[in-house]
Amino acid sequence: GGKTFSEPVLIGGTGPADVHFQDKELIAVDNTGGRFDGNVYMAWTEFTPNGPQILLVRSRDGGKTFAEPIVLSDDISVQGATPAVGSNGEVYVAWISFEGNERTLKIRRSDDGGETFAEAVIAIQITRTADAQATRDCRRQALKGGIRTLELPSVAVDRSPTSLFRGSIYIAYQSDPDGPGPDMSDVFLVTSLDGGKTFSKPVRVNDDQTKTDQFMPAVAVAADGTAGVFFYD
């Protein structure tokens with residue numbers, strides 16, 4: 001129950017540690033009761049001399065051993081790998097792809113326990129969230145107050161057995177579609193009802209008309225299928 005832990009298991013990237021940097025790892029576990037029940041998935045970003053890439057590993061023995069990492073992205077610049085397990089044991093991994101000030105939120109799906117993945121689907125185009133002065137002062141993308149930020153996605157799937165929306169995929173993210181103005185970031189949610197093939201138009205989650213920024217959201221689905229989104233303001 002978390003009182004004691006096993007010895008750590010080393011999970012490597014695709015190259016030597018002195019030139020390949022591993023960043024922002026997140027895990028998801030299959031507890032659906034299906035054929036992949038108990039599988040552990042971890043996704044993250046690996047920075048290499050040729051640029052960053054999204055990696056995924058899987059474990060079939062409760063995290064004792066892991067398969068070699070597979071590369072999920074073929075974009076020039078990526079970040080924010082986020083894994084999630086669906087209602088039937090399918091695996092989703094979402095991330096953002098950067099090109100200038102534009103960001104593309106992408107997602108891939110696996111139906112064989114993370115061995116292979118379908119082609120990436122563009123869930124939504126999002127816009128960079130940054131305050132110009134704060135970004136200059138921080139020398140990194142930042143919001144007012146010097147808050148470093150990225151448009152990292154958060155993914156959750158409705159796995160409730162009684163929900164009318166069982167299987168729905170929710171992705172929460174921050175974006176600034178109206179451009180520079182009173183605020184530089186709002187929180188949005190997109191939904192897929194067809195297993196990640198298509199996504200809805202974005203819904204803005206924060207309903208205020210203030211000058212403050214809303215950022216770094218997280219989405220979760222309760223046992224009855226209720227979706228909740230949390231964020232900083």
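The values are calculated or read from the model by the stated rules, or taken from the named source; none is laboratory data. All of these numbers come straight from a predicted model, not from anything done at the bench. Don't worry about glycine lacking a Cβ; one is built from the backbone with ideal geometry, like all the others, and counts go over all protein chains shown. The area values use the complete protein model at the heavy-atom level, side chains included, leaving out ligands, DNA and RNA. Shrake-Rupley method; radii C 1.70, N 1.55, O 1.52, S 1.80 Å.
Taking the listed residues 89, 15, 80, 100, the one that is more than 24 Å from residue 221 (Cβ to Cβ) and either open to solvent by less than 30 Å² (accessible area, probe 1.4 Å) or of a type in the set (Ser, Thr, Tyr) (or both) is 15, with no other qualifying. Of the residues in segment 55-72, at least one is in contact with an Asp or Glu (Cβ under 7 Å, 6 or more places away or on another chain), at pLDDT 95 or above and crowded, with 23+ Cβ neighbours inside 10 Å.
Listed here are the residues, each with its yes/no results for (1) surrounded by 21 or more Cβ atoms within 10 Å (Cβ to Cβ); (2) aliphatic (A, V, I, L, M).
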site: 116; (1), (2): no, no
site: 121; (1), (2): no, yes
site: 125; (1), (2): no, no
site: 130; (1), (2): yes, yes
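On the stretch given as segment 132-156, residues that are open to solvent by 50 Å² or more (accessible area, probe 1.4 Å), under 21 Å from residue 81 (Cβ atoms) and in a loop (DSSP other than H, G, I, E, B) total 3. Does residue 147 satisfy the criteria of being in contact with a helix residue (DSSP H, G or I) (Cβ under 8 Å, 6 or more places away or on another chain), of a type outside the set (Asp, Glu) and touching a residue at least 60 places away in the same chain (Cβ under 8 Å)? Answer is yes for this residue.
In the condition set (1) at positive phi; (2) modelled with pLDDT under 95, residue 144 is compliant with all but (1).
Pull up segment 11-32, narrow it to residues that are assigned to a strand (DSSP E or B) and of a type in the set (D, E, K, R), then point me to the one that is nearest to residue 162 (Cα to Cα). The residue in question is 25.
The set of residues in segment 96-133 being among the β-branched types (Val, Ile, Thr) and in contact with a Pro (Cβ under 9 Å, 6 or more places away or on another chain) consists of 96, 107, 124, 126, 127. Within segment 18-54, if we keep just the residues that are out of contact with any Asp or Glu (no Cβ under 6 Å at 6 or more places or on another chain) and hydroxyl-bearing (Ser, Thr, Tyr), the residue that is least open to solvent (accessible area, probe 1.4 Å) turns out to be 41.
In segment 43-79, how many are closer than 13 Å to residue 95 by Cα, part of a strand (DSSP E or B), touching a Leu at 6+ places or on another chain (Cβ under 8 Å) and among the aliphatic types (A, V, I, L, M)? So the count comes out to 5. Here residue 97 does not qualify as part of a loop (DSSP other than H, G, I, E, B), within 19 Å of residue 153 (Cβ to Cβ) and touching a strand residue (DSSP E or B) at 6+ places or on another chain (Cβ under 7 Å). Of all residues in segment 157-206, those satisfying the criterion of being open to solvent by 10 Å² or more (accessible area, probe 1.4 Å), of a type in the set (Ser, Thr, Tyr) and assigned to a loop (DSSP other than H, G, I, E, B) are 162, 163, 198, 200.
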